[in-house]
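The values are calculated or read from the model by the stated rules, or taken from the named source; none is laboratory data. Owing to the predicted nature of the structure, the values given are computational and were not obtained by experimental measurement. Reconstructed Cβ throughout: ideal geometry from the backbone, glycine too, with neighbour counts over all protein chains shown. Keep in mind that these areas ignore ligands, DNA and RNA; they rest on the heavy atoms of the full protein, side chains included. Shrake-Rupley method; radii C 1.70, N 1.55, O 1.52, S 1.80 Å.
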Amino acid sequence: MAESAEDRYARWQWIHETAVMTGWDFGALGSRLVADDPPWDFDLTCAKAMARLQPCLDMGTGGGERLSRLVKSVSTVGGFISRRSSVHATEGWKPNLELATSALEKYGIEVREYDSETGQPMPWPDDYFTLVMN
């Protein structure tokens, strides 16, 4: 017997309410996540830009996983982070905010609470950043 729309909605609602997600780890989706990689290397492009352009901002950093990797990889593309405080991050989801703050503090990166969907101004002056990763 086919699942009714009401039963399907109830099942989806239960899945949503009981799902646990931290950072940008989509491992729980397993083989159900299907996505094509873009034709460019996002991490390499960002690392090269970070090596040249500072201060920089990672908007919606999730749990800080990618930004941690980028900061560590900048020296491998011929650059360096001139001051640890020249890298900044934002995150708007509370569980990720705590996770990112913990993951990025060892790099001296402050993670500020900010959700671009609220329409609020960013917590830095205009024209502060030379690179924004979003």
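Quick notes on this structure:
- Derived scalar couplings between HN and Hα for segment 69-81 equal 5, 5, 4, 5, 8, 4, 5, 6, 10, x, x, 7, 8 Hz in order, rounded to whole Hz, by the Karplus curve 6.51 cos²θ - 1.76 cosθ + 1.60 (θ = phi - 60°), x for Gly and Pro.
- Put simply, the C-alpha atoms of segment 45-118 give a gyration tensor, and the ellipsoid matching it has half-axes of 21, 12, 10 Å, longest first.
- Amide N of segment 118-134 lying under 15 Å from the label point, which is placed 7 angstrom from the Cα of residue 42 along Cα→Cβ: 132-134
- Between helix 5-18 and the chain: long-axis angle, C-alpha atoms, 0 to 90°, nearest 10: 40 degrees
- Value of relative contact order over segment 6-134, rounded to a whole percent, pairs C-alpha under 8 Å and six or more apart: 28 percent
- 3J(HN,Hα) along segment 124-134: 9, x, 4, 6, 6, 9, 9, 9, 10, 9, 9 Hz, from the Karplus curve 6.51 cos²θ - 1.76 cosθ + 1.60 with θ = phi - 60°, whole Hz, x for Gly and Pro.
- 3J(HN,Hα) from dihedral phi, segment 33-42, Karplus parametrisation 6.51/-1.76/1.60, rounded to Hz, x for glycine, proline: 8, 10, 8, 8, 6, x, x, 10, 9, 4
- Net charge contributed by nearby residues that have their C-beta within less than 12 Å of residue 24 (K/R +1, D/E -1): -2
- Helix 94-104 and the longest principal axis of the C-alpha atoms of the chain enclose an angle of approximately 40°.
- Solvent-accessible area per residue for segment 41-103 (1.4 angstrom probe, square angstrom): 48 Å²
- Expressed as a whole percent, the accessible surface of segment 69-134 that belongs to carbon and sulfur atoms is 49, based on a 1.4 Å probe.
- Legend: Rg and Dmax of segment 1-53, from Cα coordinates, 18.6, 60 Å.
- Working value for the chain: equivalent-ellipsoid semi-axes of 34, 18, 14 Å, each the square root of 5 times a Cα gyration tensor eigenvalue, largest first.
- Sparsely packed loop sites in segment 49-134 (the chymotrypsin sites (Phe, Trp or Tyr not before Pro) outside DSSP H, G, I, E and B with at most 11 other Cβ atoms within 10 Å) comprise 80.
- Average silhouette area of segment 83-134, convex hull of alpha-carbon atoms, in square nanometres: 3.9 nm²
- Residues whose amide H comes within less than 5 Å of that of residue 57, counting only those at least five positions distant or on another chain, are 88, 131, 132, 133 (H built at 1.01 Å from N in the peptide plane).
- In segment 33-83, the trypsin sites (Lys or Arg not before Pro) that fall in loop regions by DSSP, at most 11 other Cβ within 10 Å: 83
- Separation of the residue 113 and residue 3 label points, Cα + 7 Å toward Cβ, nm: 3.5 nm
- Among the chymotrypsin sites (Phe, Trp or Tyr not before Pro) found in segment 1-75, those both in a DSSP coil and sparsely packed, with 16 or fewer other Cβ atoms within 10 Å of their Cβ, are 24, 26, 40.
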